[in-house]
1. Looking only at region 92-147, how many residues end up being of a type in the set (F, W, Y) and touching a Ser or Thr at 6+ places or on another chain (Cβ under 6 Å)?
2. When the residues of region 19-56 are filtered to those that are among the small types (G, A, S) and outside any loop (DSSP other than H, G, I, E, B), which remaining residue is nearest to L161 (Cα to Cα)?
3. Could you say which residue among E189, E135 is closer than 20 Å to R9 by Cβ and either open to solvent by 30 Å² or more (accessible area, probe 1.4 Å) or without any contact (Cβ under 8 Å) to a residue 24 or more places away in the chain (or both)?
4. Evaluate region 173-184: report whether one residue or more is open to solvent by 50 Å² or more (accessible area, probe 1.4 Å), under 21 Å from I19 (Cβ atoms), in a helix (DSSP H, G or I) and of a type outside the set (A, V, I, L, M).
5. Please specify each residue of region 5-18 satisfying the condition of being charged (D, E, K, R) and not in a helix (DSSP H, G or I).
6. Look through region 201-224, keep the residues that are in a helix (DSSP H, G or I) and in contact with a strand residue (DSSP E or B) (Cβ under 9 Å, 6 or more places away or on another chain), and return whichever of them is most open to solvent (accessible area, probe 1.4 Å).
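The values are calculated or read from the model by the stated rules, or taken from the named source; none is laboratory data. Everything quoted here is computed from the prediction, not taken from an experiment. Cβ: placed from backbone, ideal geometry, glycine included. Neighbour counts: every protein chain shown. Quick note on the areas: whole protein, heavy atoms, side chains included, nothing else; ligands and nucleic acids left out. Shrake-Rupley method; radii C 1.70, N 1.55, O 1.52, S 1.80 Å.
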Amino acid sequence: GKTRVIAHRVAYLVRECGIAPHRIMAVTFTNKAAREMKERLERLMGPRAQELTMATFHAFCASVLRREGQHIGLDRAFVIYDQDDQLEVLKGSMEEAEIDPKRYTPRAVLSAISSAKSQLLDVEAYGAMRSSTWEGVVHRAYQRYQEILQRSNAVDFDDLLLKTYILFRDNAPVASQYQLRYLHLLIDEFQDTNVAQYAIARQLAAKHRNICVVGDPDQSIYSW
């Protein structure tokens with residue numbers, strides 16, 4: 001029923017409150033859920049549903065970076081690496097940093113880097129807070145990993161969120177453009193929001209402060 005709540009609220013805002021569809025953003029966490037939401041809204045609103053911004057957090061952030069990435073030194077033609085690509089890059093970065101993959105498995109190191117990014121810790125921030133041998137190893141690998149991505153004009157899925165957050169944080173005119181456009185922000189499956197997604201949602205809603213979320217704490221992947 002969560003997606004139904006979001007879909008009907010969007011339809012109500014447009015049909016009963018007179019909100020222009022292009023000023024509404026509805027986000028969720030999987031492509032399947034986004035398609036389901038789009039289908040429901042098309043049934044409720046007809047062609048006007050095409051004017052809404054409906055996407056996953058990652059898809060929305062990718063579109064923002066395609067348009068605005070130059071503000072943070074990111075080429076608009078960047079490629080997005082999947083998990084297999086990431087693992088290959090990480091193995092190369094560990095080799096460059098002379099980290100023994102038998103002692104520190106690449107998957108464990110990659111998971112730690114992903115966790116850092118989801119908590120909005122870039123290489124510099126992670127390095128400043130490291131306090132153990134393990135974190136020191138991860139930091140060395142993280143540094144090389146990002147250097148390789150940059151040389152390849154590539155980002156990973158976690159970068160889509162982290163770099164969008166940094167873009168909005170450090171470029172007020174760009175952030176203001178999106179804050180002014182979206183009068184209403186609606187988030188489905190809110191129980192699966194990580195720190196980065198929550199921070200981006202707060203950035204987007206900072207101007208109008210119209211944010212609606214639905215979630216089920218019993219389904220939270222992070223509590224598991």
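1. Count: 1.
2. Filtering region 19-56 for residues that are among the small types (G, A, S) and outside any loop (DSSP other than H, G, I, E, B), the one nearest to L161 (Cα to Cα) comes out as A55.
3. After ruling out the rest, the residue left standing is E189.
4. yes
5. E16
6. R202
One line per residue, one yes/no per condition, for (1) outside any helix (DSSP H, G or I); (2) touching a Leu at 6+ places or on another chain (Cβ under 8 Å); (3) surrounded by 13 or more Cβ atoms within 10 Å (Cβ to Cβ); (4) not hydroxyl-bearing (S, T, Y):
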position: S93; (1), (2), (3), (4): no, no, yes, no
position: K102; (1), (2), (3), (4): yes, no, no, yes
position: A116; (1), (2), (3), (4): no, no, yes, yes
position: L120; (1), (2), (3), (4): yes, yes, yes, yes
position: Y126; (1), (2), (3), (4): no, no, yes, no
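Per-residue answers, yes or no, for (1) open to solvent by 20 Å² or more (accessible area, probe 1.4 Å); (2) modelled with pLDDT of 95 or more; (3) farther than 17 Å from G69 by Cα; (4) not in a strand (DSSP E or B):
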position	(1), (2), (3), (4)
S131	yes, no, yes, yes
Q143	yes, yes, yes, yes
Q146	yes, yes, no, yes
L149	no, yes, no, yes
I166	yes, yes, no, yes
